[in-house]
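Okay, structure first, notes after.
Since every read-out is calculated from the coordinates, none of them should be taken as a lab result. Remember, it's a predicted structure, so these values are computed and weren't measured experimentally. Every residue, glycine among them, receives a Cβ derived from its backbone with ideal geometry; neighbour counts consider all protein chains shown.
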Amino acid sequence: MSEDIKKMIIDYIKKEYLEEDSGVTVNESTKLISSGIVDSFSMVSLKMFLEKKFSIKIPDDKATPEAFDSVNNIMNLLKEYTKS
Amino acid sequence: MAYSEKAKSFYDDTLKNIRQDGLFKEERFIESPQAANIKVEFPLGAQQKQVLNFCANNYLGLSSHPEVVKAAHDGLDSRGYGMSSVRFICGTQDIHHELEDKLTKFLGTEDTILFPSCMEANAAIFEVMLDKEDAMISDRLVHASIVDGMRLSKAQLFNYKHNNMAHLEEKLQETQNCRFRLIITDGVFSMDGDLAKLDEICNLAEKYDAMVMVDDSHASGFIGKTGRGTHEHFNVMGRVDVITTTLGKALGGATGGCVSGRKGIVDLCRQRARPYLFSNTVPPVVVAASIKVIDLISDTTERRDKLERNTKYFREKMTKAGLDIKEGETPIVPVMLYNAKLAQDVARDMYTEGIYVIGFFFPVVAQGQARIRTQISADHEIEHIDKAVAAFTKVGAKYNILGKKRDEIIAMYGM
């Protein structure tokens, strides 16, 4: 199940933030924020996508660049807010 | 709480880290009026040096134009130094109204409201226009002040890949249920110097019943046949709902900005825009000078035409010399270096050669996109441009980057 979610997030990142000819590969540990694939501005739309998809609310103080810096980190965030 | 040892060491450490990361911004001291040719002291205490300025937003060369300076003196003499108030209390003079009317006429809109800066215009507009049932759909490379402004609004935020119209259309389809949609873009993107596809954006806006907002700070005064901006360039005057722009670049270079566009939106800004309600009025001296600037550039396109010729000449020469510049037609000409340290080293060597340019790197531009952003001015003469190209050629040869493209430069210096 978690593999499906990872894939879904990776697909979203590729579709939303990368040009088709960028040649950049994204996997679960790829640095997203610190490598510049997702900038702090685009992080807002990524957060919104996750909140909508999983019907959760991620508090702004938890939506840090570190928390969004890889798909693995995002998975940790999701675990915390999809508990209930 | 006192400025404790704990607080002091935190701030000191932060500064130390900024230095260690090579991101510390050092100011150079210009000891002459802003112009193509300036006297600079750098570093502090060093001998003054005469250099050519290739990184000012002084596109039309009006920052120190004698008639603009005279108008500023006249404004100072006739209307005083400051207003000591905000607009709606007792901070509005006749000349504020006069400048708003002139800007409206120049930009070809319905109405205009002045702000202390374009940053404050951008801080105001989204909160005034939109609420939580609305959507802001923004190009991903818009100016930081637009991003800050959008953060102040309750509206939902969507963004589309830079200048990617198919992606914008997807976002418009995705947000069909929203009450209002506002497409948001820079007219000219400040880091890449490319133009928003405003004609296609307006077509999509009309197809999907959305509004269009453009920040034309790097366009007003010189883009388009008569310098009205990107809406003139793309022949969509009257189809853009809101333009924000600055008086601090081509239009005199001091400070001040505005929101110009649909009358109802401008009227609402006068009632609800927080930077308008709580920030001091643009000083009379700036207003008087800005009125002169609008008169000067309305009478003739001479400066705008010279800027166009200079830009074309510089772009051709730099390409021929083998520098990797971003293609385009605007006077923002990024010289791509990809590596932050390389960008800083080249900028330093250029200063030694008598050319004032600055390296830009992450987080100002994306990782691996470090560059020197050069900007051309109507104040530049051909000999100035030739000297800059010769300096870039000499420094480029030193670092062995002439004729090299992205992959080769990254292979030598890393990202």
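Taking square-rooted eigenvalues a ≥ b ≥ c of the alpha carbon gyration tensor, is chain B rounded, prolate or oblate, where a/c under 1.5 means rounded and, failing that, a/b exceeding b/c means prolate? Rounded, since a/c falls under 1.5. Our coupling estimate for region B:391-407, obtained by passing each phi through the Karplus curve with A = 6.51, B = -1.76, C = 1.60 and θ = phi - 60°, is 5, 4, 5, 5, 5, x, 5, 4, 8, 6, 10, 5, x, 9, 9, 3, 4 Hz, Gly and Pro reported as x. Here the peptides A:15-26, B:47-58 are ranked by packing, the mean other Cβ count within 10 Å, and the order with the highest first is B:47-58, A:15-26.
Compare the peptides B:15-27, B:287-299, A:37-49 by average per-residue count of other Cβ atoms within 10 angstrom and give them in order, highest first.
Numbers: B:15-27: 10.3, B:287-299: 21.4, A:37-49: 18.5.
The packing order, highest mean first, is B:287-299, A:37-49, B:15-27.
Listed by chain and number, the lysines whose C-alpha is less than 29 Å from the C-alpha of A:Lys6, apart from same-chain residues fewer than 8 away, are A:Lys14, A:Lys15, A:Lys31, A:Lys47, A:Lys52, A:Lys53, A:Lys57, A:Lys62, A:Lys79, A:Lys83, B:Lys161, B:Lys171.
Taking a straight Cα-Cα cut-off under 23 Å and skipping sequence neighbours fewer than 8 places away in the same chain, the lysines within cross-link reach of B:Lys39 are B:Lys25, B:Lys49, B:Lys70, B:Lys249, B:Lys387, B:Lys394.
Helix B:66-79 axis versus longest C-alpha principal axis of chain B: approximately 40°, rounded to the nearest ten. Residues whose amide H lies under 5 Å from that of B:Asp215, counting only those 5 or more places away or on a different chain, are B:Thr185, B:Asp186, B:Gly187, B:Thr244; hydrogens are built 1.01 Å from N in the peptide plane.
Across region B:305-310, computed HN-Hα scalar couplings (Karplus, 6.51 cos²θ - 1.76 cosθ + 1.60, θ = phi - 60°) run 5, 5, 4, 4, 5, 4 Hz from first to last residue, x flagging Gly and Pro.
Going by the alpha-carbon gyration tensor, a ≥ b ≥ c the square roots of its eigenvalues, is region B:1-118 rounded (a/c under 1.5) or, if a/c is not under 1.5, prolate (a/b greater than b/c) versus oblate? It comes out oblate by the Cα gyration axes.
Work out the FRET efficiency for B:Ser85 and B:Leu152 from their Cβ-Cβ distance, taking R0 = 25 Å, and round it to the nearest 0.05.
Details: r = 24 Å, r/R0 = 0.95.
Using R0 = 25 Å, I get an efficiency of 0.60.
Taking amide H positions as modeled 1.01 Å from N, with prolines and chain starts lacking one, the residues under 5 Å from B:Gly257 and 5 or more places away or on another chain are B:Phe115, B:Ser117, B:Cys118, B:Leu247. Rounded to whole numbers, the Karplus 3J(HN,Hα) couplings from phi for region B:222-235 are 8, 8, x, 4, 10, x, 5, x, 5, 5, 6, 4, 9, 6 Hz, using 6.51 cos²θ - 1.76 cosθ + 1.60 with θ = phi - 60°, and x at Gly and Pro. In chain B, Cα pairs under 8 Å separated by at least six residues give a relative contact order of 20 percent.
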